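**Q** Pasting a structure below so you can have a look.
The values are calculated or read from the model by the stated rules, or taken from the named source; none is laboratory data. This structure is a prediction, so every number in the text was calculated from the model and none was measured. A quick note on method: Cβ atoms are made from the backbone with ideal geometry, for glycine too, and the neighbour counts reach across all protein chains shown. Surface areas here come from the heavy atoms of the whole protein model, side chains and all, with no ligands, DNA or RNA. Shrake-Rupley method; radii C 1.70, N 1.55, O 1.52, S 1.80 Å.
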Amino acid sequence: MSKSKNTVIDLFCGCGGLSFGFIEANYEILLGIDHWKDAIATFENTHKKAKGLVADLFNETPKEISLKTGIKKVDIIIGGPPCQGFSIAGKRIIDDERNKLYKSFVSFVEYYSPKAFLMENVPNIVSMGEGVVKDTIIKDFEKLGYTVVYKVLLASEFGVPQNRKRAFFIGTKGKKEFVFPEPTNKKLISAKDAISDLPEKSVPDGNKYKSEPKSEYQKLIRKNSHCIFNHEITNHSDQTVEIISLVPDGGNYKNLPKNLQQTRNVNIAWTRLNSNKPSFTIDTGHRHHFHYKYNRVPTVRESARIQSFPDNFIFLGSKTSQYKQVGNAVPPILAKVLAEELKKYL
């Protein structure tokens with residue numbers, strides 16, 4: 001009989017980038033929980049054997065979730081609780097509404113007592129409150145019997161075509177401390193490597209590819225896919241198109257004539273991807289970043305490629321919602337590297 005897979009619950013799962021990496025590393029995802037219906041629709045559509053649950057972890061306890069889902073035990077708990085608003089007093093996180101979602105993550109780990117957990121967050125969580133937040137997180141999980149380590153990783157060093165930094169806290173039961181993997185990619189994957197095979201114009205969902213893959217990365221991303229989805233372009237005003245056309249590959253507002261530099265009041269305005277470098281961080285779909293060649297913002301599919309989602313990972317919901325789902329996600333290729341490494345500790 002084959003060895004059974006390690007089971008996983010993904011909290012604050014969004015569309016499921018983190019857990020998708022775990023699936024790729026041959027784990028079994030039992031459940032994804034998020035309060036956002038659109039994200040759960042995508043999650044269920046892409047994580048075929050997992051259950052997606054729309055629930056607000058602000059109010060629901062692990063016990064209630066366990067009764068609702070029938071899940072009594074699990075090997076690993078993963079997720080990225082929103083911790084932007086940590087409330088701190090003196091040397092600790094205090095009991096404040098804003099910390100409730102983080103506390104919920106802790107309570108799931110306490111309730112299920114998994115072999116390991118992985119918590120993902122914004123990189124500045126490590127320095128928040130002069131390190132108070134990080135120290136509290138470590139203490140909270142040490143009290144539950146975990147050996148906890150943390151590190152800020154740069155996604156482009158692990159095969160993702162994006163310079164995205166994320167903090168990871170990984171706890172293992174007992175004394176053996178998790179060691180973060182070394183970077184896997186000496187040669188970084190560029191924006192061009194990621195999206196140069198996708199056409200300038202929209203492609204109706206389910207249409208065949210118009211060209212062969214043009215890089216190893218594109219071959220990898222297309223592996224189980226025969227069609228293009230989520231490649232609907234944004235139609236900009238003539239003025240916007242004209243301004244973008246003045247910005248060179250890899251350039252930004254500084255390349256514009258003086259009278260146009262202030263047309264958008266943000267320091268990242270009018271920034272083009274650099275075709276020869278990994279992308280900057282893809283966020284939840286604001287409109288200041290443009291394709292390195294075409295005079296438009298990247299499509300949802302191009303953004304998903306930059307996040308390392310395979311082409312057969314299809315996003316549901318409105319276009320705005322899809323951009324947000326992509327931007328909020330953990331890059332699956334980075335998640336897979338961590339999931340593979342974690343196997344050694346289970």
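**Q** I'm trying to understand the selection: among the residues of segment 64-101, which are in contact with a Ser or Thr (Cβ under 9 Å, 6 or more places away or on another chain) and either part of a helix (DSSP H, G or I) or loosely packed, with under 13 Cβ neighbours inside 10 Å (or both)?
**A** If the condition is that a residue be in contact with a Ser or Thr (Cβ under 9 Å, 6 or more places away or on another chain) and either part of a helix (DSSP H, G or I) or loosely packed, with under 13 Cβ neighbours inside 10 Å (or both), then 72, 73, 91, 94, 95, 97, 98, 99 are the ones that fit.
**Q** Condition first: free of Cβ contacts under 8 Å to residues at least 40 places away in the same chain, of a type in the set (Val, Ile, Thr) and over 20 Å from residue 6 (Cβ atoms). Can you find one or more residues in segment 86-97 that meet it?
**A** Yes - at least one qualifying residue is present in segment 86-97.
**Q** Hey, does segment 195-212 have a residue that's among the basic types (Lys, Arg), modelled with pLDDT of 95 or more and either in contact with a Lys or Arg (Cβ under 6 Å, 6 or more places away or on another chain) or over 23 Å from residue 319 (Cβ atoms) (or both)?
**A** Within segment 195-212, none of the residues are among the basic types (Lys, Arg), modelled with pLDDT of 95 or more and either in contact with a Lys or Arg (Cβ under 6 Å, 6 or more places away or on another chain) or over 23 Å from residue 319 (Cβ atoms) (or both).
**Q** For segment 137-187, enumerate the residues that are over 28 Å from residue 74 (Cα atoms), small (Gly, Ala, Ser) and open to solvent by 30 Å² or more (accessible area, probe 1.4 Å).
**A** Result: no residue meets the conditions.
**Q** Would you be able to tell me the number of residues in segment 1-45 that are hydroxyl-bearing (Ser, Thr, Tyr), open to solvent by 20 Å² or more (accessible area, probe 1.4 Å) and over 19 Å from residue 118 (Cα atoms)?
**A** Number of matching residues: 2.
**Q** May I pose another question? Looking at segment 213-222, is at least one residue modelled with pLDDT of 95 or more, of a type in the set (Val, Ile, Thr), closer than 26 Å to residue 340 by Cα and not in a loop (DSSP other than H, G, I, E, B)?
**A** yes
Here is a yes/no grid of residues against (1) on the phi > 0 side of the Ramachandran plot; (2) touching a Lys or Arg at 6+ places or on another chain (Cβ under 8 Å); (3) among the aliphatic types (A, V, I, L, M):
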{"site": "17", "(1), (2), (3)": "no, no, no"}
{"site": "36", "(1), (2), (3)": "no, no, no"}
{"site": "43", "(1), (2), (3)": "no, no, no"}
{"site": "47", "(1), (2), (3)": "no, no, no"}
{"site": "54", "(1), (2), (3)": "no, yes, yes"}
{"site": "81", "(1), (2), (3)": "no, no, no"}
{"site": "89", "(1), (2), (3)": "no, no, yes"}
{"site": "92", "(1), (2), (3)": "no, no, no"}
{"site": "107", "(1), (2), (3)": "no, no, no"}
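**Q** Would you pick out the residues in segment 117-127 that are surrounded by fewer than 22 Cβ atoms within 10 Å (Cβ to Cβ) and not in a loop (DSSP other than H, G, I, E, B)?
**A** 123, 124, 126 - these are the residues of segment 117-127 that are surrounded by fewer than 22 Cβ atoms within 10 Å (Cβ to Cβ) and not in a loop (DSSP other than H, G, I, E, B).
**Q** Any residue in segment 283-296 that is open to solvent by 20 Å² or more (accessible area, probe 1.4 Å) and at pLDDT 75 or above sitting within a Cβ distance under 6 Å of a residue that is part of a loop (DSSP other than H, G, I, E, B) and among the polar types (S, T, N, Q)? List the pairs, counting only those 6 or more apart or interchain.
**A** 292/275
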